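Here is the structure we will look at.
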Amino acid sequence: METKIYKVKDENDESLSLVGKILKDGGLVAIPTETVYGLAANALDEKAAEKIYAAKGRPSDNPLIVHISDISQWAALVEEIPPEAMKLAKAYWPGPMTIILKKSHLVPLATSGGLDTVAVRMPENRIARKIIDMAGVPLAAPSANTSGRPSPTCAKYVYDDMNGKIDAIVDGGECSVGVESTVLTLVTNPPRILRPGAVTCEMLKDVIGEVEIDRAVYDKIAKDEPVASPGMKYKHYAPKTEVVIIKGTFEAYKNYVQASGEKNVGCLCFKEDAEKLSEFKTVVYGKESDPQSQAHRIFDALREVDGMGAQKVFARFPDIDGIGLAVFNRLVRAAAFNIIEV
Ligand code: TXA
Ligand code: MG
């Protein structure tokens, strides 16, 4: 299949009506959002949703997030919207927060990965919301990467993974946040974060009080253990190169890398570190002093790691406060939970 590319400047671009038509007719289109690019299809059309799994090579039990352009579209997708859910939506939508509730009959099991719940979010990106409006239906959209690869934060990376497999890519420029939305389930009591993102635990607590963080956010889950979010059990975000995280000060990190005795090593480090590591190949994932910049860079950096030509890459350990938890969560999966404390 030929994958059409529509480069769009803003939500007023005329080609968005064509894109809406493709989606209405059951096609697959990669769209920009503020977090990462999504691979969109009509969330209410079982056949369309199934095509998403095929294009990504995604296991069929891993549910999709449904994207809406207005809060009024939410009620039809769920059994009920509890007051805390509405408070959160009013506080953080449109934005990088996904809320899981019991699903309505309207949402096919193909979209919910066979679960009786559905994850919904309203993206902040105006082009994304305009595309939902043009399609006239809510859009199921997982990250637009091949399953297991880093999520794409620009159209080029979508193209690398999806060219020939989907109908179109809408190139709306670079994603501002860089990591996927915070996923919060309100089906459990207290509500629980299944995936950390730019809407932090503290921000959620400010609105609804008690919030837990699922153990799988930090820890490796055994293959046969049940998980709240199927996405957490799959290998994720992994470059082809082996990544090992080194936890400690910069000096301890540098000593470890120098002493490792490995021949062809690379460093996945902060901007402040790079010039002090000039004897090694480096890829920078943001500033140590600026966790937002780390979120913005982490997936691109993970894709760049494979271009370094290193055998093994040693990564600096990020501060895990606020959005830093989201950065850590992606990095630790890329490193297959391999952390060395120095
Ligand atoms: O920012 C984002 O959320 C991006 C953009 C495109 O919106 N989308 C995204 O989708 O990251 P995806 O499919 O790559 O990640 C969705 C995650 C998966 O880990 C999935 O298992 C979990 O959310 N999830 C979705 N629906 C769920 C449900 N009903 N119950 C538990 N976990 C769910
Ligand atoms: Mg994903």
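Coordinate-derived values only; no laboratory data. Predicted model only: the values in this text are computed from it and were never measured. Positions of Cβ are generated from backbone atoms using ideal geometry, with glycine treated the same way; all protein chains shown enter the neighbour counts.
Counting Lys and Arg as +1 and Asp and Glu as -1 over every other residue whose Cβ lies under 10 Å from the Cβ of VAL332, the net charge comes to +2. Measuring nothing but alpha carbons in region 89-146 and taking Rh as the Kirkwood radius, the Rg to Rh ratio lands at 0.97.
Share of antiparallel DSSP beta bridges in the chain, in percent to the nearest 5?
In the chain, DSSP labels about 35 percent of beta bridges as antiparallel.
Highest-first packing order for the peptide set 306-315, 170-179 is 170-179, 306-315, based on the mean count of other beta carbon atoms within 10 Å. Each 10 Å bin from zero up to the one holding the largest Cα-Cα distance in region 175-254 carries the following percent of pairs: 15, 36, 34, 14, 1.
Return the lysines within reach of LYS263: Cα separation strictly under 23 angstrom, same-chain partners fewer than 8 residues apart disregarded; answer none if there are no such residues. Here the lysines satisfying the reach criterion relative to LYS263 are LYS240, LYS247, LYS254, LYS276, LYS281, LYS312.
Among residues other than ARG121 with Cβ under 13 Å from its Cβ, the summed charge is -2 (Lys and Arg +1, Asp and Glu -1). Put simply, region 209-279 fits an ellipsoid with semi-axes of 32, 17, 11 Å; these come from the alpha carbon gyration tensor as the roots of five times its eigenvalues, largest first. Can you give the calculated 222 nm mean residue ellipticity of the chain, where each DSSP H run of n ≥ 4 adds -39,500 (n - 2.57) and the sum is split over every residue, rounded to the nearest 500 deg cm²/dmol? After summing the helix terms and dividing by residue count, I get -8000 deg cm²/dmol. Evaluated at q = 0.10, 0.14, 0.15 Å⁻¹, the base-10 log of the normalised Debye intensity for the chain, with identical point scatterers placed on the Cα atoms, takes the values -0.57, -1.10, -1.24. Cross-link partners of LYS4 among lysines, defined as those whose alpha carbon lies under 20 angstrom from its own and excluding same-chain residues fewer than eight positions apart: LYS21, LYS24, LYS51, LYS56, LYS130, LYS156, LYS165. Once C-alpha pairs closer than 8 Å and six or more residues apart are averaged by separation and normalised to the residue number of region 50-118, the relative contact order reads 44 percent. Stretched out straight at 0.36 nm per residue, the stretch from ASP206 to GLU2 would grow longer than its current Cα-Cα span by 68.7 nm. With each label modelled as a point 7 angstrom along the Cα→C-beta vector, the SER72-LEU18 pair spans 3.0 nm.
Put a plus charge on the Cβ of each Lys and Arg, a minus charge on the Cβ of each Asp and Glu, and nothing anywhere else: the dipole of the chain about its Cα centre is then about 600 debye.
When every Cα-Cα distance of region 144-295 is counted in 10 angstrom steps from zero, the calculated P(r) takes the values 9, 27, 33, 26, 6, 0 percent. Using the average count of surrounding beta-carbon atoms within 10 Å as a protection proxy, the listed peptides 113-120, 253-260, 19-26 rank, highest first, as 113-120, 19-26, 253-260. Extending 7 Å from Cα along the Cβ direction at SER260 and again at GLU50 yields two label points whose distance is 4.5 nm. Each of ILE339 and SER60 was given a label point 7 Å from its Cα along the Cα-to-Cβ line. The distance between the two points is 3.6 nm. Starting from the Cα of GLN311, move 7 Å in the Cα-to-Cβ direction to define the label point; list residues of region 242-263 whose amide nitrogen is under 16 Å from there. Inside the label zone: 242-244, 257-263.
For the chain, the relative contact order comes to 19 percent (Cα pairs under 8 Å, sequence separation of at least 6).
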